[in-house]
Amino acid sequence: MATAQLTASSISSRNVSSFEGLRPSAVQFPSVVRIGTLTQRSFRGLVVKAATVVAPKYTAIRPLGDRVLVKIKEAEEKTDGGILLPSTAQTKPQGGEVVAAGEEKSAGKSKIETSVQIGAQVVYSKYAGTEVEFNGAKHLILKDDDIVGILETDEIKDLKPLNDRVLIQVAQAEDKTAGGLLLTEASKEKPSIGTVIAIGPGPLDEEGNRKPLSVNPGNTVLYSKYAGNDFKGKDGSDYIALRVSDIMAVLS
């Protein structure tokens, strides 16, 4: 079984593959702020979602059941050209390294090992898990099913989807209308069509067996517009990882 325990001395300091993606904070801003010589209202109601800090007296975190503990990759402080980014412009990662895992997960009446092993570099769902700060580093405790896939390189196109997830290369947006008018970037409609690049092994049935997915690599598909997690590849292409249930049709 993939049983592991995280200790303060066992956290790896090696670099993790870079990931694209944002994890939004729950921030509420006031509706009125007066600037200048007028009285400025205080930011009443400002709520910032912060990580739970684990006190130093605790030296280990052991996830239970189908949960895993991921050490979050640090945000990039510079652009590829070496320009320093302010904290507000830094891309918050959507991936990291698995440093501890629960013993098992449920599949109907069966109990099976978690989908990832200790040391795996993973990408996770943008809204998943609970953030904790342990031994000076940020971690995320999340369910095995919230892990989108394994990424062993810094190229999102190499993502290996898990369970019922699919990786799609998004089709390019149309540059012109049907009447031939050029569209600006702001007016281009976000595509919901793309080509399947990779698929997961399928969901588990009650006996713990994998059920094959209804799509294959190379299929052109139509998917739900607001589903999944968006990524930008190093080649400039857009990618999306989503559940197969968010795919509405195969086009031919």
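The numbers here are math on the coordinates, done by the rules we state, and not lab data. Note that the coordinates shown come from a computational prediction; the quantities given were computed from them, not determined experimentally. FYI the Cβ positions are ideal-geometry reconstructions off the backbone, even for glycines, and counts take in every protein chain you see.
Before moving on, here are some points about what is shown:
- Added length on full extension, which subtracts the Cα-Cα distance from 0.36 nm per residue, Thr52 to Ala137: 29.5 nm
- For the pair Ala171 and Arg62, the difference between a 0.36 nm per residue extended length and the Cα-Cα distance amounts to 35.0 nm.
- Two-site label geometry, Thr195 and Asp235: point separation in nm, points 7 Å out along Cα→Cβ: 0.8 nm
- Residue by residue, the range 158-165 carries 3J(HN,Hα) couplings of 8, 4, 9, x, 10, 6, 9, 8 Hz when phi is fed to the Karplus relation 6.51 cos²θ - 1.76 cosθ + 1.60 (θ = phi - 60°); x denotes Gly or Pro.
- Amide H contacts of Val148: Val123, Tyr124, Ser125, each under 5 Å away and 5 or more positions distant or on a separate chain (H built 1.01 Å from N in the peptide plane; Pro and chain starts excluded).
- Length released on extending from Leu251 to Glu103, taking residue separation times 0.36 nm less the Cα-Cα span: 49.2 nm
- ³J(HN,Hα), Karplus 6.51/-1.76/1.60, whole Hz, each residue of the range 244-251, x for Gly, Pro: 4, 5, 8, 8, 8, 6, 9, 9
- Rounded to the nearest Hz, the phi-derived 3J(HN,Hα) couplings of the range 193-200 under the Karplus curve 6.51 cos²θ - 1.76 cosθ + 1.60 (θ = phi - 60°) are 10, x, 10, 5, 9, 8, 10, x, where x marks glycine and proline.
- Sorting the segments 163-170, 227-234 by their mean number of nearby beta carbons within 10 angstrom, highest to lowest, gives 163-170, 227-234.
- Dipole magnitude for the range 192-252: about 160 debye, using +1 per Lys or Arg Cβ and -1 per Asp or Glu Cβ, origin at the Cα centre.
- Cross-link pairs beyond the 26 Å C-alpha cut-off, checked among Lys105/Lys157; Lys211/Lys234; Lys73/Lys111; Lys111/Lys157; Lys160/Lys225; Lys73/Lys232: Lys105/Lys157; Lys211/Lys234; Lys73/Lys111; Lys111/Lys157
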